[in-house]
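Enquirer: Take this structure first; my questions come after.
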Amino acid sequence: MSRAGAPLKGRAGRLARLMPSASPSSAARTPFVLLVVLLLGGGLITLLLLNSALNEGSFRLSELKRDTTELTDEQQALQRDVDSYSQPGALERRARELGMVPGGSPAFLDPDGTVRGVPTKATAPPPSPSPTPTPSPEPTPEDGAQADEAGAGVPSPTPFGTATPSPGAAAEPESEDAPENTPATPPPTTPGR
C-alpha cells in the first residue's frame, strides 16, 4: 500500500484537518475576488471623475484670469481718461467752455468778524481777437469766363490803381471816434496758479 492514501497521523493529521479541502476553497475565493475587482473599478471611476472635475476647474480658472486681465486693462484705460480730464489745463479749458471765469482776489473772514483782503468781482477777460479773413476780389463776368477757361483757382489780374489788402495787413478803423491806443486790461489772476 502507498503512503499517500493512508490517513495522516499525529501532527500532520491535525494540520490536515485544519486546512480546508480543495473544493470548498475555490467557492470561498469568488466573493473576495469580486469585492477586490469592484473596489478597483470604483476607485478607477472615482479617479476619472475627480480628474475631469479638476480639469473643468482649471479651464474655469484660466477663463476668469483672462476676464480679470481684460477688466484690469479697461480700468486702467478709464483711469487714464479720468486723469487726463482732471489735469489743470483740461479743467480750465472745460470751465471756459462752460462760461466760467477765474475768480478775483479773495477776502477772508477772521473769527472776530473782520475782513482781511479786498474782495473783487470776477470779470471775464476780453475775448482774444480772432483773425479776420481777407476778402478775395470778386471776378468780373469777363474775368470769370477767362478763369473758367484757364482753370479754377488761378487768381485774376487786378487793374492798376486798386489796392488789395495783404494777408498780414491790419484793418484800419473806419471811424475816428474809436480810441487809437486802448490798453487792454490783463485778466485777474488767482494766487496759486
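None of the figures in this text is laboratory data; all of them are computed from the coordinates on show. This structure is a prediction, so every number in the text was calculated from the model and none was measured. All Cβ positions, even for glycine, are placed from backbone atoms using ideal geometry, and neighbour counts span all protein chains on display.
Enquirer: Under 5 Å between amide H atoms, partner at least 5 residues away or on a different chain: which partners does Ala122 have, H built in plane at 1.01 Å?
Expert: Under 5 Å from the amide H of Ala122: Gly104.
Enquirer: If each residue of separation counts as 0.36 nm, what is the full-extension length gain between Arg29 and Leu98 once their alpha-carbon separation is subtracted?
Expert: Gain in length upon complete extension: 15.3 nm.
Enquirer: Calculate one ³J(HN,Hα) per residue across the range 62-78 by plugging θ = phi - 60° into the Karplus curve 6.51 cos²θ - 1.76 cosθ + 1.60, and present them in order as whole Hz with x for glycine and proline.
Expert: The phi angles translate into 5, 5, 5, 5, 5, 4, 5, 5, 5, 5, 5, 4, 5, 5, 5, 5, 5 Hz.
Enquirer: I would also like to ask the following. Starting from the 7 Å offset along Cα-to-Cβ, what nm value, one decimal, do you get for the label separation of Gln87 and Leu8?
Expert: 10.2
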